[in-house]
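I'd like to ask you about the structure that follows.
The values are calculated or read from the model by the stated rules, or taken from the named source; none is laboratory data. Quantities reported herein were computed from a predicted structural model and do not represent experimental measurements. Positions of Cβ are backbone-derived with ideal geometry, glycine not excepted, and every protein chain shown enters the neighbour counts. Calculation scope for accessible area: heavy atoms of the full protein, side chains included, ligands and nucleic acids excluded. Shrake-Rupley method; radii C 1.70, N 1.55, O 1.52, S 1.80 Å.
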Amino acid sequence: MLAVRFYEPGQLRVEQMPIPEAGPGELVVKSSVALTCGTDVKMFRRGHPLAKPPQIMGHEFAGTVTAIGAGVENFQLGMRVVAANSAPCNTCFFCLMHQPNLCDHLDDMIVGFTWPGAYAQYVRIPERIVRQNTFQVPTKVPLESIASLEPLACVVHGWNLLSPIPGGTAIILGGGPIGLLHAQLARLHGAKIVALSDIVPDRLREAKKIGVDAAINSATEDLHDRTLGLTENRGADIVVEAVGRVETWESAIGLVRKGGTVLLFGGCPSGTNVSFSADKIHYGQIRMQGAFHHTPAAVERAFRLIVSKQVSIEPLISYEMPLERASEALELMGSGKALKIALRPPS
């Protein structure tokens with residue numbers, strides 16, 4: 001099979017490898033599409049602590065079952081399926097505390113990082129993921145849409161940590177694919193007004209297409225003033241940081257109202273320190289909520305949101321390219337000229 005493997009920052013190789021075989025409880029899926037992701041761009045540029053080269057990249061994919069391991073009962077050859085990139089062990093401390101996204105053994109098998117990834121013609125899905133986070137895809141659902149299951153599941157998990165905001169205002173910082181998903185979840189969670197800020201005009205245009213009420217170019221407009229103008233000078237009920245930069249983490253607290261919530265979703269580089277106003281947090285009774293990864297419940301809800309078309313994925317996919325052009329796709333995405341790119345393996 002054809003596969004794209006990461007060797008070192010900036011270097012991917014398109015190689016021929018054996019088609020994997022399904023072990024007990026596993027599936028092998030012939031990939032129809034793999035989507036690029038911001039984490040893939042970061043790995044391409046600087047590596048990843050969990051990925052030991054050479055590693056097949058990619059973790060957003062969907063395709064058709066071609067091999068079934070012993071003990072698998074709910075899947076058949078030829079079935080269209082989608083899978084998340086990980087699943088919890090269900091036995092460690094955090095799993096038993098109902099925090100499976102923090103599972104001690106999550107890193108054991110993460111597709112595209114510690115497990116061979118989806119930038120390939122065939123993907124072997126681990127038993128834990130088959131059992132908990134793999135779904136049959138209805139024929140009416142395009143595989144390129146459902147392939148975004150994993151990032152949407154992470155966004156769903158973040159919103160599961162928040163209280164509903166019926167009639168309220170949500171401000172999303174960052175107009176990349178994750179920010180656009182957050183904007184849609186904000187609406188589903190009751191926000192009457194959803195605003196999104198970015199500095200890339202193309203992203204702001206896409207935000208308007210998915211129904212954002214205010215698309216704010218924070219390079220040319222005062223985001224704080226615009227937020228006050230949208231909220232009768234109170235500040236937003238919820239502010240979502242979906243960039244992963246120190247300056248946006250720190251600016252988020254200045255946009256939220258008293259008693260509001262800041263969802264710190266974007267991951268800053270390891271070792272990053274940020275500063276917040278103690279007065280604002282204490283006297284304003286502001287809730288600062290971190291969010292990491294996803295849970296099986298969030299994965300299932302994300303699957304149903306895509307299938308039911310309550311969340312639109314099509315605006316997130318800017319281009320399609322052959323799998324062999326993965327390096328070019330990641331460069332394009334990293335330059336800000338594309339949101340996501342659908343990579344098509346050879347048929």
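What percent of all Cα-Cα pairs in the range 143-256 falls in each 5 Å bin, counting up from 0?
For the range 143-256, the pair-distance distribution reads 2, 13, 24, 26, 22, 9, 3, 1, 0.
Express in nm, to one decimal, how much length is gained between K337 and E247 on full extension, taking 0.36 nm for each residue of separation and deducting their alpha carbon distance.
My answer for the length gained is 30.2 nm.
Starting from the Cα of F292, move 7 Å in the Cα-to-Cβ direction to define the label point; list residues of the range 237-264 whose amide nitrogen is under 19 Å from there.
241-246, 249, 262-264
Put one equal scatterer on each alpha carbon of the range 1-155, apply the Debye formula with no solvent term, and list log10 I(q)/I(0) at q = 0.09, 0.11, 0.15, 0.19 1/Å to two decimals.
Per q value, in the given order, log10 I(q)/I(0) is -0.27, -0.41, -0.77, -1.21.
Using a Förster distance of 51 angstrom, determine the FRET efficiency expected from the C-beta separation of Q285 and R46, and round it to 0.05.
0.85
Right, something else. When the Cα centres of the range 110-181 and the range 283-314 are compared, how far apart do they sit, in Å?
Taking the Cα centre of the range 283-314 as reference, the centre of the range 110-181 is 9 Å away.
Let me ask something additional. By its C-alpha gyration tensor, with a ≥ b ≥ c as the square roots of the eigenvalues, how is the range 100-144 shaped: rounded for a/c under 1.5, else prolate for a/b larger than b/c, else oblate?
Cα axes put the range 100-144 in the oblate bin.
Starting from 0.36 nm per residue, how many nanometres of slack lie between T272 and N217 once their C-alpha separation is accounted for?
Difference between extended and current length: 17.2 nm.
Could I ask something else about it? Over 26 Å between Cα atoms, which of K209/K309; K52/K337; K192/K337; K280/K337; K209/K258; K208/K340 qualify?
K52/K337; K192/K337; K280/K337; K209/K258
Across the chain, what fraction of all alpha-carbon pairs, as a whole percent, falls in each successive 10 Å bin from zero upward?
The calculated distribution, bin by bin, is 6, 25, 34, 24, 10, 2, 0.
Which is farthest toward the positive dipole end of the range 265-347 among P269, A297, L330, measuring Cα position about the Cα centre, with Cβ charges +1 (Lys, Arg) and -1 (Asp, Glu)?
After comparing all options, I get A297.
Still on this model: In debye, nearest 20: dipole of the chain around its Cα centre with unit charges on the Cβ of K, R (+) and D, E (-)?
Taking the Cα centre of the chain as origin, the dipole is about 480 debye.
Multiplying the sequence separation of L161 and S308 by 0.36 nm and subtracting their Cα-Cα distance, what value in nm do you get?
The L161-S308 span can extend by a further 50.7 nm.
Where the only charges are on Cβ atoms (+1 Lys, Arg; -1 Asp, Glu), what is the dipole of the range 282-347 about its Cα centre, to the nearest 20 debye?
Using only the charged Cβ atoms, the result is roughly 300 debye.
Please give the per residue accessible area of the chain, computed with a probe of 1.4 Å over protein heavy atoms only, in Å².
On a per-residue basis, 43 Å².
Right, next: If you rank H48, H59 by how much accessible surface each has, with a 1.4 Å probe, what is the order from largest down?
H48, H59
Using a 1.4 Å probe on the protein chains only, how many percent of the accessible area of the chain belongs to carbon and sulfur?
51
Debye sum, Cα scatterers, the range 44-110, no solvent: what log₁₀ I/I(0) at q = 0.11, 0.14, 0.25 1/Å?
Scattering profile of the range 44-110, log10 relative to I(0): -0.41, -0.65, -1.07.
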